[in-house]
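Undergrad: Take a look at this one; I'll ask things after.
The values are calculated or read from the model by the stated rules, or taken from the named source; none is laboratory data. All values derive from a computational prediction rather than experimental measurement. We place every Cβ from the backbone using ideal geometry, glycine too, and count neighbours over all the protein chains shown.
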Amino acid sequence: MKRTILLLAAVAMLAGSIDASATCWRCRFIDDTCIINAGTFSFCDDSQGFCDAGGDCGAAAPANDTVLATQWTVASVERLDGPRTAPATMKVARVAPKPAAAR
Amino acid sequence: MLTLFSLLFAAKLAATGSIDATVRGTNEPVDVALLRRDDAGAWHEQATRHLPASERHARFRDLAAGIYQVRVRGAAPFEQTAAKVAVGAGEARSAVIDVDPVELFGRATLGDIPLGHAAILLKQRQFQWQAALEADENGLFHARLWQHGAFNCYVRSPALATTYGDEVNVDGPSPFRWELRLPDRRLVGVVRDRVTGAPIAGASLHLQTKSAAHERNAVAHADANGRFDVTAMTPGVVAIVASADRYLDALPAPFTIAEADRLHEIAIDMEPGVVVPVAIRDAAGQPLAGADVLTATGGSLRGRAVTGGDGVARVTLPANASATMYVVPHEGSFAAIRVADAAHAQRRITLPRPSSTLRIVTRTTAGKALPNVSLLMRVDGELIPPAVAEAMQALQDLTLQTDDRGEAVLRRLPPGAYEFWPYSSQAEADAIVDTAGSLLAPIVVNVKTGENTIAVNFRAR
């Protein structure tokens, strides 16, 4: 038991030193700035007055071609700060192929 | 034993850390700077120590837990090197910063033509230090770097309409030879008035070139004849937004510039608009300065104006078509006003009080967090298209997406009837925008003044 506690404590203390550096970026078009934890690029620089991103952030990249509605449906919506609301009915929008939006 | 350990553990969490830095590889006087990384990945300088030639150690104490870099600077601009140090709560860390000089010899060309007197800026990608140099009349340049690694490179020259961006991995033994060859691929065109065909002088062009490997943005301007000529284009899908006074922004269809292309020509036709002064007031009736007023048609942003000290924005609207004005002040709250045409536009808009917060939790029916769910929002019947949502994120830090824990907190909202559609991809969002007018939203919430929290439970299909 003591060994387990010591091991858990050691792991908790070491965790403070871990650098979670697997970061993905994208450029935000409207103000030419880098956005962290979004997009698919491993680096991004907006210090020159415009946004420049590149590299592959690999497995950390969010899938950008998935359609949420094909995997999940809203079963219910609960109000957690008061009386519950009735479950909503899910109406799924059709996904039609479209040319990429300019912004 | 457990109590004692808990006390020790608590004491460690409360304690501050330190870094002992040792500089190797140079006998020159140096400055040793300590920088800390913030949550957005940016480095901020915390302290600097000057080390004379006789001293090679620097100590930084009283450090909060975090990610730090120790940066060593010599006398010349490229004499910089750094090392990253992760400091846990109460940890004493040591770091050795090696000066590992590399002689960089390069030649800048545009195609095969030397790019004389080009200004070249190198930015170390991991540690973000940067330094600039100028090529000679033959495009030749030299620098003595103190650190290897991947660098972003930016080239400016009178021969280029925009700043050219590239990257270089400086590795291997010294000297490192680099042929900085800018592609001789051009995008040329003209910006015209859609009605009269007249050229629009000085129009601003925001260019975005996207490929799997890169996203590069640049700004160019049309000349007095409405013409532009952008050299050194990289291959990819190019999206352009053209802006000019008294015109609605033009968004020509994105096009592809292939590796083999040398010249791509395009004509951009801009729709003249009508400039309407619109007075923006806060909930107390006071003029609101510095508020953005965005014009959108068909879900696309077509203009942007900012209120002056008198709270008035000069908004460009379509002369004979409908549009929506979105008022987005930095202070929070917003308004969406539909306009039948410029002649009937509302000239005075009073914003509701930003008195509500909405916390949205996305989870599975099993209670597990469903992270990174994007949300398309409709407020009191007005859809907020993704382009406007992005502007709201930029201006108000309002992010319509749940985080890794499946939570989104939308602060400084006006009360009202809010509806949301969850989505993952841009194509999915576009499809929802196209059909939202005839569909019920799956998430409906009446946001009241104060704190509001909802949980959205998702079932797997």
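Undergrad: Just checking, does the stretch B:165-183 include any residue being without any contact (Cβ under 8 Å) to a residue 60 or more places away in the chain, of a type in the set (Gly, Ala, Ser), assigned to a loop (DSSP other than H, G, I, E, B) and surrounded by 18 or more Cβ atoms within 10 Å (Cβ to Cβ)?
TA: no
Undergrad: Of the residues in the stretch B:273-301, how many are surrounded by 18 or more Cβ atoms within 10 Å (Cβ to Cβ) and of a type outside the set (S, T, N, Q)?
TA: Of the stretch B:273-301, the ones surrounded by 18 or more Cβ atoms within 10 Å (Cβ to Cβ) are B:273, B:276, B:278, B:280, B:282, B:288, B:291-297, B:299-301.
Now drop any that are not of a type outside the set (S, T, N, Q), which leaves B:273, B:276, B:278, B:280, B:282, B:288, B:291-294, B:296, B:299, B:301.
Total meeting the criteria: 13.
Undergrad: Looking only at the stretch B:156-198, count how many residues are under 15 Å from B:ALA220 (Cβ atoms) and within 14 Å of chain A (Cβ to nearest Cβ).
TA: So the count comes out to 7.
Undergrad: Can I ask one more? For the stretch B:370-388, which positions are buried (at least 21 other Cβ atoms within 10 Å of the Cβ) and closer than 12 Å to B:PHE334 by Cβ?
TA: B:MET377, B:ILE384, B:VAL388
Undergrad: Another question about this same structure. Being part of a strand (DSSP E or B) and within 18 Å of B:GLY90 (Cβ to Cβ) is the filter here, so list the residues in the stretch B:40-66 that pass it. Please lay out each step first, then the result.
TA: The initial filter retains those residues of the stretch B:40-66 that are part of a strand (DSSP E or B), namely B:43-51, B:57-63, B:66.
Across the stretch B:40-66, the qualifying residues are B:GLN46, B:ARG59, B:PHE60, B:ARG61, B:ASP62, B:LEU63, B:GLY66.
Undergrad: Also: For the stretch B:184-207, give me the residue count where each residue is in contact with an Asp or Glu (Cβ under 7 Å, 6 or more places away or on another chain) and not in a loop (DSSP other than H, G, I, E, B).
TA: Summing the residues that are in contact with an Asp or Glu (Cβ under 7 Å, 6 or more places away or on another chain) and not in a loop (DSSP other than H, G, I, E, B) in the stretch B:184-207 gives 4.
Undergrad: For B:LEU294, are the conditions met, namely being modelled with pLDDT of 95 or more and within 14 Å of another protein chain (Cβ to nearest Cβ)?
TA: On the way: modelled with pLDDT of 95 or more: yes; within 14 Å of another protein chain (Cβ to nearest Cβ): yes.
Here the answer is yes, as B:LEU294 does meet what is asked.
Undergrad: Another question about this same structure. Outside the structural domain of B:GLN46 (by TED's automatic domain parsing), modelled with pLDDT of 95 or more and in contact with an Asp or Glu (Cβ under 9 Å, 6 or more places away or on another chain): which single residue out of B:ARG93, B:ARG107 fits that description? If you could, list the steps in order and put the result at the bottom.
TA: Working: B:ARG93 fails: outside the structural domain of B:GLN46 (by TED's automatic domain parsing).
From the options B:ARG93, B:ARG107, the qualifying one is B:ARG107.
Undergrad: Quick test of your reading of the structure: B:GLY202 fulfils all but one of (1) surrounded by fewer than 18 Cβ atoms within 10 Å (Cβ to Cβ); (2) within 14 Å of chain A (Cβ to nearest Cβ); (3) touching a residue at least 40 places away in the same chain (Cβ under 8 Å). Name the failing condition by number.
TA: (2)
Undergrad: What residue, of B:THR350, B:THR357, B:THR365, is farther than 26 Å from B:GLN426 by Cβ and touching an Asp or Glu at 6+ places or on another chain (Cβ under 7 Å)?
TA: Details: B:THR350 fails: touching an Asp or Glu at 6+ places or on another chain (Cβ under 7 Å); B:THR365 fails: touching an Asp or Glu at 6+ places or on another chain (Cβ under 7 Å).
Selected residue: B:THR357, the only one of B:THR350, B:THR357, B:THR365 that is farther than 26 Å from B:GLN426 by Cβ and touching an Asp or Glu at 6+ places or on another chain (Cβ under 7 Å).
Undergrad: Here is a follow-up. Could you tell me whether B:ARG405 is over 17 Å from B:GLY450 (Cα atoms), charged (D, E, K, R) and not in a strand (DSSP E or B)? Give the derivation first.
TA: On the way: over 17 Å from B:GLY450 (Cα atoms): yes; charged (D, E, K, R): yes; not in a strand (DSSP E or B): yes.
Judged against the criteria, B:ARG405 is a match.
Undergrad: Criterion first (surrounded by 16 or more Cβ atoms within 10 Å (Cβ to Cβ) and among the charged types (D, E, K, R)) does B:GLU451 satisfy it? Write out each step before concluding.
TA: On the way: surrounded by 16 or more Cβ atoms within 10 Å (Cβ to Cβ): no; among the charged types (D, E, K, R): yes.
Considered against the rule, which asks whether it is surrounded by 16 or more Cβ atoms within 10 Å (Cβ to Cβ) and among the charged types (D, E, K, R), B:GLU451 comes out as no.
Undergrad: Test of understanding: among B:VAL102, B:VAL96, B:VAL72, B:VAL85, which residue is touching a Leu at 6+ places or on another chain (Cβ under 6 Å) and either farther than 23 Å from A:CYS51 by Cβ or charged (D, E, K, R) (or both)? Steps first, please.
TA: On the way: B:VAL96 fails: touching a Leu at 6+ places or on another chain (Cβ under 6 Å); B:VAL72 fails: touching a Leu at 6+ places or on another chain (Cβ under 6 Å); B:VAL85 fails: touching a Leu at 6+ places or on another chain (Cβ under 6 Å).
Exactly one residue qualifies, and that residue is B:VAL102.
Undergrad: If you go through the stretch B:240-261 one residue at a time, do you hit one that is within 14 Å of chain A (Cβ to nearest Cβ), surrounded by 21 or more Cβ atoms within 10 Å (Cβ to Cβ) and over 25 Å from A:GLY49 (Cα atoms)?
TA: no
Undergrad: Identify all residues within the stretch B:110-140 that are away from chain A (no Cβ under 14 Å), in a strand (DSSP E or B) and surrounded by fewer than 19 Cβ atoms within 10 Å (Cβ to Cβ); write none if there are none. Before you say what the answer is, go through the steps one by one.
TA: Let us first name the residues in the stretch B:110-140 that are away from chain A (no Cβ under 14 Å), namely B:110-118, B:133-140.
Applying the additional criterion that residues be in a strand (DSSP E or B) yields B:110, B:113-114, B:133-134, B:140.
The answer is B:ILE113, B:PRO114, B:LEU133, B:GLU134, B:LEU140.
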